[in-house]
Amino acid sequence: MSASDTPFERAGDPYLVGRTRDWVSTGAGRGYVHATGHGEGGPASKRVIVGYGFWIFLLSDIVMFSAFFAAHAVLQTATAGGPSGRELFNWWSIVAQTAFLLVSSFTCGLSAVATEARHHLWTQVALLVTGLFGLAFLVLEGRDFANMVMQGAGPDRSAFLSSLFAVVGLHGLHVSAGLLWLGTMMAQVFVKGFRPDILLALFTVVYLIGLGR
Amino acid sequence: MSHETDTRDPGDLGPGFMDAAEVTVREGITRYVMGFVLASALTAASFYVLSTSLIWGPGIPVALVVLAIAQMGVHLVFFLHITTAPDNTNNVLALAFGVLIVALLIAGSLWIMDNLNQNMMSMPQMMQMQR
């Protein structure tokens, strides 16, 4: 059996792994007959490749964050007579920030579900809620930064505070970039409708949390 | 090439296989709700660990690290959809490499800097030398 005598009757990506359920279970041509003659599965589908690329990007982000974290871990005790974390941190603000990020990654997931179902309104609503919680997080973080600087505990006070401002500030930038991306996506969905390659961009904001504390 | 009969069911795909039967909206939402509940529980636990006297003081950082790792696991599975499905192999390998780099970077920095710190001359001695 050759792949050429089974035309692609369905629209969409013919290279999608296991696109059809026509599993040939014996012989050298084992696999899916629609796989265009490239071994078992043919080239990976666009969806898999886009997901992989995005995942590599997230991992590179994690590696970059880990460098900042390492610096912070090394300098944690280097307070130079200045205030330590325990004296500075505003407990409830941190709880609220963490909660906001968690909720926003949850609603981001919901927007992915709505996207799968091709439901415009719910996608937009979920993305909007995601964005609002992200924004609320940034406001709280900015307020904390301002308070610390006013107390004389700015990044110039000690090596501990320098590293703290660096890692938390970087995370804030990361969230801001995610918000910009999210806004762009909402506009794209609004103007162009859904395109498959938009889907995976959704996960950007999701990643924010684990590093939030 | 083998000629034995493959008795696998073509519909029997790994969990999270990207092209597996479409996930219904309800299933999709259930997944995210589960992830959200687990992540919230872990977050609450880590705040509780910080405020309680139930745990021996020096053990608190260890507890926090454990909770943070569990948190990452929950995020990977429920929010980022990393699975053991065949078309996810590349992602898992990339993740393993990422974890290796992160571990080398953090552990290596802490080790080296601690070593330098211990071998550093104390301030008075340094003054002595400069005289």
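Accessible surface area normalised per residue over segment B:86-131 is 81 Å², counting heavy atoms of protein chains with a 1.4 Å rolling probe. When each of the peptides B:78-89, B:103-114 is scored by the mean number of other C-beta atoms lying within 10 Å of its residues, the order from highest to lowest reads B:78-89, B:103-114. Projecting label points 7 angstrom from Cα along Cα→Cβ for B:A45 and B:A70 puts them 0.1 nm apart.
Put a dot 7 Å past the Cα of A:A166, heading toward its Cβ, do the same for B:T89, and the two dots end up 4.0 nm apart. Calculate the FRET efficiency for A:N90 and B:N119 from the Cβ-Cβ distance with a Förster distance of 35 Å, rounded to the nearest 0.05. With R0 = 35 Å, the Cβ-Cβ based efficiency is 0.40. In a DSSP loop and with at most 16 other Cβ atoms within 10 Å, the chymotrypsin sites (Phe, Trp or Tyr not before Pro) in segment A:108-196 are A:F194. Here segment B:86-131 is treated as a sphere whose radius is the Kirkwood value from Cα pairs; by Stokes-Einstein at 10 °C and 1.306 mPa s it diffuses with a coefficient of 116 µm²/s. Annotation for A:K46 and B:A107: the two label points, set 7 Å from Cα along the Cα-Cβ direction, are 4.2 nm apart.
Between the beta carbons of B:Q130 and A:M64, assuming R0 = 35 Å, the FRET efficiency works out to 0.35 to the nearest 0.05.
Applying both filters, DSSP loop and at most 15 other Cβ atoms within 10 Å, to the trypsin sites (Lys or Arg not before Pro) of segment A:85-170 gives A:R118. Summed over both chains, the accessible area lost when B and A associate is about 4000 Å², using a 1.4 Å probe.
The values are calculated or read from the model by the stated rules, or taken from the named source; none is laboratory data. Keep in mind that this is a model prediction, so the values were computed, not measured. Glycine gets a Cβ as well: all are built from the backbone with ideal geometry, and neighbour counts include every protein chain shown. Keep in mind that these areas ignore ligands, DNA and RNA; they rest on the heavy atoms of the full protein, side chains included. Shrake-Rupley method; radii C 1.70, N 1.55, O 1.52, S 1.80 Å.
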